[in-house]
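Here the structure comes first, spelled out in structure tokens, and everything after it is commentary.
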Amino acid sequence: MLTLDHLRLEQGAFSLTANWTLAAGETLALIGPSGAGKSTLLAGIAGFLEPVAGRVLWQDRDLTGIAPGQRPVAMLFQDANLFPHLDVARNVGLGLRPDLRLTREDRAKVGEALDRVGLGGFQTRKPGSLSGGQQSRAALARALVMRRPVLMLDEPFSALGPAMRTEMLDLVRDVIGETGASLVMVTHDPGDAARIADRISVVADGVAAEPAPTRALLDNPPEALRDYLG
Amino acid sequence: MAALGVAMLLLGPLGAVLWRAGGAGMPSPADWAALRFTVMQAALSAILSCGLAIPVARALARRRFAGRQALILLMGAPFILPVIVAIAGLLAIFGRNGLLNQGLALIGLERIDVFGLHGILLAHVFFNLPLAVRLLLEGWRGIPTERFRLAAQLDMPPGAMFRLIEWPMLRQRVPGILAVIFAVCLSSFAVVLILGGGPAATTVELAIYQAFSFDFDLGKAAVLSALQLGIVAGAAGLALVLARGRGMGGGLDRPVQRWDGGPWAARGDAAWIALTAVFIVTPLILVLVQGGATLLSMPLLVWQAAGVSILVALGSTLVAVPLAFALALPRRDVVEGVGLITLAASPLVLGTGMFLLIRPFAFPGNHVLVITSIVNAAMALPFVLRAISPELRAIEADYGRLADSLGMTGWARMRWLILPRLRRSLGFGAGLCAALSMGDLGVIALFPPPDAATLPLQIYRLMGSYQIEAAAGGSLLLTFLCFGLFFAFDRMGRDADT
């Protein structure tokens, strides 16, 4: 269970508060206008931004002061999810061993993960020779081998076309269905949220609201969400 | 750690110089004369280089012709070209038996003498005109095409166009460029050693050398070093202030389309470009031609010296690159500070300081090559830093978070993120350092080892004993080695990149 306990994050003059929990295996979409603090919240959970007040907890363990790489979180950023100088196998392998001392077993796992995302046989390709969709798949394969209990997506598919994005979201849903991970994803599109999220937290006016069930929220949006959806 | 290393490398010798100078009395009238001459020649060099660079850069900025890109690239060559080679080339034109005097003799005119102030200025312009042109060209590139389009639309006369569009850019850039060239010329040594000399044309740097090698008066050398340190630090500080905040890095050479300049202006531009090209290329060609004839019949000494020089250059690279890397790694801005200290510490001042530091423990003459390597490394340090520091910052900005989220720390981060992505800049920086160290005739002249020499020193000795042909062959070899080392290191950085 991921707990945001009276969490307060600040970046310059901007501040964001959140106080809610997310159950293991649950999927959550953060939705709201740009600049509202969706990415800030992810940065706070991932450990790139220390809270000025409150705590982030995982299974009642306080994550304050724990380095991003040590947290139970795998994250896909908006862009630059792959190191362009490393081939696909190594990019994925980094999820198993940050020093890339991969055993035969590790390499087999990398191969399985690549097969799972539809990139079987792409091991020796460099990211520069992949399409945008294939790059997203490779990054997802890495998140897969990391086996972290929380997967966070900071709009990594926003540069893809609508059909490809839907395909990637379905793949994400299948993958977390298999691993039992929780999902926190940032999105602009209520359609994306409806496709994958159990609950939605509306992020606006400096608050990431208590998540509400997706269907109910979209059928009967609160004012902040109505303003955003227009 | 690294900062401490640099401090020891630079501040130690400087401290030794100042401490020794403290008890050595005041500068003599001859020292003050050297100081005046140093400042005067540096000021004239700066004004001449910059003044000539303005029409040349303007011509290059507004004309498009075949070979333009090559010419701009060529303007970078004097930076790596060893001073002694350039001087050999210039002497082949302007020297006693150079092309110019042969021509003058043919038509019955008196020979001109290149030695003295005008010879020094000639060489300084040769090195700094291309630098000034490149820096000014960036200024012209920075002026948006739209301004020129608007000026053409308004049918602005050339005078008004210069005053309203180009002059503001020049006023912003020229003071910084003047100050940089002034600071560089203050500590020019090899040029003055060969083309200057005599009481009328002695700089402080040369006086240090003379105090060392003729009088062996360490106190006097220390006093002069302190003097030199004072003026160069002042000039470097001035340059830093005047050149601050304006990018001196490369730009995209977007073609600037212009509609001004009738046939007369075009002819003027063509003349400026042609003259500059001839001025820069001819000495190089003469070195190639003269040296080519004797390259294979050179004395063994020259080849031995080449071997020594390669070792010195590699030694400097081995010191400077890791040091620059370690300095640039922490996320703070040390680049300017280090640049300032190294600019202020001229090679001979540093060499004097190291001599003073080592003397109580060992005979410095036995460690000349090591001292030379280290001093050359210190001289190259700011250039290496400038090559890798922005790249390092870009790597952290682009991939720092991803590496953090994957738990890539320590050696893993170094091995799989920083080194592979920095390789290109490291190769370029190492190439610069090796070439600069290879071609340097500075501290080695201060206490030349009797049984060994670097290639620049060997060429200097050959020139001194009028073995002009062997000197030309050595110059050609030195040029090959400098550019060869540069391209070899640069290549090593590139090959890894995909």
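A few comments on the model shown:
- Candidates in region A:90-99 are the residues that are open to solvent by less than 10 Å² (accessible area, probe 1.4 Å) and of a type outside the set (A, V, I, L, M); of these, the one that is farthest from A:Thr124 (Cα to Cα) is A:Gly93.
- Any hit, region A:118-125, residues being modelled with pLDDT of 90 or more and under 18 Å from the mean Cα position of the chain (by Cα): no
- Residues satisfying the stated conditions in region B:455-495, i.e. open to solvent by 50 Å² or more (accessible area, probe 1.4 Å) and within 14 Å of chain A (Cβ to nearest Cβ): B:Arg494, B:Asp495
- Whichever residue in region B:283-305 is in a helix (DSSP H, G or I) and open to solvent by less than 40 Å² (accessible area, probe 1.4 Å) and, among such residues, is nearest to B:Ala70 (Cα to Cα): B:Pro283
- Restricting region A:100-130 to residues that are of a type outside the set (A, V, I, L, M) and at positive phi, the residue that is surrounded by the most Cβ atoms within 10 Å (Cβ to Cβ): A:Gly118
- Of the criteria (1) surrounded by 24 or more Cβ atoms within 10 Å (Cβ to Cβ); (2) closer than 15 Å to B:Ala16 by Cβ; (3) out of contact with any Asp or Glu (no Cβ under 7 Å at 6 or more places or on another chain); (4) modelled with pLDDT of 80 or more, which one B:Leu348 fails: (3)
- Filtered residues of region A:117-133 (kept if more than 14 Å from chain B (Cβ to nearest Cβ) and in a loop (DSSP other than H, G, I, E, B)): A:Val117, A:Gly118, A:Leu119, A:Gly120, A:Gly121, A:Phe122, A:Gln123, A:Ser131
- Cβ pairs under 9 Å, 6+ apart, first in region A:60-78 and at positive phi, second of a type in the set (Asp, Glu): A:Gly65/A:Glu50
- Residue, modelled with the highest pLDDT, within region A:11-40, restricted to residues that are open to solvent by 50 Å² or more (accessible area, probe 1.4 Å) and under 21 Å from A:Arg148 (Cα atoms): A:Thr21
- Pairs, first over 17 Å from B:Pro420 (Cβ atoms) and at the interface with chain A (Cβ under 7 Å from one of its Cβ atoms) in region B:385-408, second among the aliphatic types (A, V, I, L, M) and open to solvent by 10 Å² or more (accessible area, probe 1.4 Å), C-beta under 6 Å, six or more apart: B:Ser405/A:Met75
- Any hit, region A:18-38, residues being within 14 Å of chain B (Cβ to nearest Cβ) and free of Cβ contacts under 8 Å to residues at least 60 places away in the same chain: no
- Count of residues meeting criterion [of a type in the set (Lys, Arg) and within 14 Å of another protein chain (Cβ to nearest Cβ)] in region A:90-116: 3
- Inspection of region B:102-109 finds no residue satisfying the criterion of being of a type in the set (Val, Ile, Thr), over 30 Å from B:Leu227 (Cα atoms) and in contact (Cβ under 8 Å) with a residue 24 or more places away in the chain.
- Some residue of region A:192-205 being open to solvent by 20 Å² or more (accessible area, probe 1.4 Å), assigned to a helix (DSSP H, G or I) and over 22 Å from A:Val117 (Cβ atoms): yes
- If the condition is being among the aliphatic types (A, V, I, L, M), in contact with a Gly (Cβ under 7 Å, 6 or more places away or on another chain) and either more than 10 Å from chain B (Cβ to nearest Cβ) or surrounded by 15 or more Cβ atoms within 10 Å (Cβ to Cβ) (or both), then region A:64-89 contributes only A:Ile66.
- Test: residue in region A:41-58 that is away from chain B (no Cβ under 13 Å), more than 26 Å from A:Val175 (Cβ to Cβ), in contact (Cβ under 8 Å) with a residue 60 or more places away in the chain and open to solvent by less than 20 Å² (accessible area, probe 1.4 Å): no
- Screening B:Ile177, B:Ile181, B:Ile194 for residues that are closer than 30 Å to B:Leu150 by Cβ and modelled with pLDDT of 85 or more leaves exactly one candidate, B:Ile177.
- Filter pass, B:Leu329 being modelled with pLDDT under 85, closer than 27 Å to B:Leu18 by Cβ, aliphatic (A, V, I, L, M) and surrounded by fewer than 22 Cβ atoms within 10 Å (Cβ to Cβ): no
- B:Cys433 meets each of the listed conditions (1) open to solvent by less than 30 Å² (accessible area, probe 1.4 Å); (2) in a loop (DSSP other than H, G, I, E, B) apart from (2).
- For A:Ile66, the conditions (1) touching a Leu at 6+ places or on another chain (Cβ under 9 Å); (2) not in a strand (DSSP E or B) all hold with the exception of (1).
- Residue within region B:83-97 that is farther than 19 Å from B:Thr202 by Cβ and open to solvent by 60 Å² or more (accessible area, probe 1.4 Å) present: yes
- Per this entry, B:Ala403 is counted among residues that are under 14 Å from A:Leu82 (Cα atoms) and crowded, with 22+ Cβ neighbours inside 10 Å.
The values are calculated or read from the model by the stated rules, or taken from the named source; none is laboratory data. Worth saying up front: this structure is predicted, and the values here are computed from it rather than measured. Virtual Cβ from ideal backbone geometry, glycine too; neighbours counted across all protein chains shown. The protein model used for the area step is the full one, side chains on, heavy atoms only, and it has no ligands, DNA or RNA in it. Shrake-Rupley method; radii C 1.70, N 1.55, O 1.52, S 1.80 Å.
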